[in-house]
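K.L.:
Here's a structure for you.
The values are calculated or read from the model by the stated rules, or taken from the named source; none is laboratory data. The shown structure was predicted, so the numbers you read here are calculated from the model rather than taken from an experiment. In this analysis, Cβ positions are derived from the backbone assuming ideal geometry, glycine residues included, and neighbour counts consider all displayed protein chains.
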Amino acid sequence: MLYSILYVLVILLELLFALGFSIYTFFLIYSNLKGSPYVPTKMKEARMILEQAKLKPNQLFLELGSGDGRLSRLAAKDYKVNSIGIDVNPLLNWYARLWARWLKIPRVTFLTQNIFQTDLRKADVLYLFLMPKLIEKLKLKMEKELKKNSLVISHGFKVLGWEAKCFKTLNHRPFPTYYYRV
Ligand SMILES: C[S@@+](CC[C@H](N)C(=O)[O-])C[C@H]1O[C@@H](n2cnc3c(N)ncnc32)[C@H](O)[C@@H]1O
């Protein structure tokens, strides 16, 4: 009898694991299809990137494609900015919110949204870690909507055509980081 119960429990656990893994894989593919795979910025790099950004309290920090939300959380916690993380992947947003709640970090919100539906007009600082094709598509929107003097930080890839706006580059591996004053 005990063996039968254990057997059923093991089967149930295996099914649960397979279901969780399938959901996770599905959403990873979904992120990819929407333009950029989920690859988090390394924590050590995230700290350096934010330190170099010279953020000021109460600025609006907008992260386009926020993944697990680490940059938005770190910015809100260490620099007292108001962070908004935007990601098309609801699973990642759920995880990001869970961490923010667990760590009791105020001033951070995560929205499930396509970055092309996001209003950029109020942003003081924009953080991107997106594929070049997506950045290229986003460039016109940033040029139209961003207010004067806003800061765009692009981790991983350059914003092509913005060479004159680039005032700082962090050459760390595997990905460099580019700072633009728009
Ligand atoms: C390379 S990850 C960066 C994650 C996070 N910013 C970081 O640096 O740790 C890119 C993220 O963009 C999201 N993404 C891809 N296409 C998107 C779109 N069209 N709209 C919103 N988010 C998108 C993916 O779900 C993924 O989480």
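K.L.:
State which residue is modelled with the lowest pLDDT when the search covers only the stretch 28-42 and only residues that are more than 8 Å from the ligand (Cβ to nearest atom) and within 17 Å of Gly69 (Cβ to Cβ).
P.N.:
Leu28
K.L.:
Something else about it: For the stretch 79-96, give me each residue that is within 10 Å of the ligand (Cβ to nearest atom), part of a strand (DSSP E or B) and surrounded by 22 or more Cβ atoms within 10 Å (Cβ to Cβ).
P.N.:
Gly85, Asp87
K.L.:
Of the numbered conditions (1) away from the ligand (no atom under 15 Å from the Cβ); (2) more than 23 Å from Asn149 (Cβ to Cβ); (3) part of a loop (DSSP other than H, G, I, E, B), Ser4 fails exactly one; give the number of that condition.
P.N.:
Here Ser4 clears every test but (3).
K.L.:
Can you tell me how many residues within the stretch 45-74 are over 16 Å from Ala100 (Cα atoms), free of Cβ contacts under 8 Å to residues at least 60 places away in the same chain and hydrophobic (A, V, I, L, M, F, W, C)?
P.N.:
So the answer is 2.
K.L.:
Here's something else I'd like to know. Restricted to the stretch 97-119, and to residues that are near the ligand (Cβ under 9 Å from one of its atoms) and either farther than 19 Å from Leu134 by Cα or of a type in the set (S, T, N, Q) (or both), which residue is surrounded by the most Cβ atoms within 10 Å (Cβ to Cβ)?
P.N.:
So the residue we want is Thr118.
K.L.:
So, one more: Which ones in the stretch 57-73 are under 12 Å from Leu128 (Cβ atoms) and in a loop (DSSP other than H, G, I, E, B)?
P.N.:
Gly65, Ser66, Gly67
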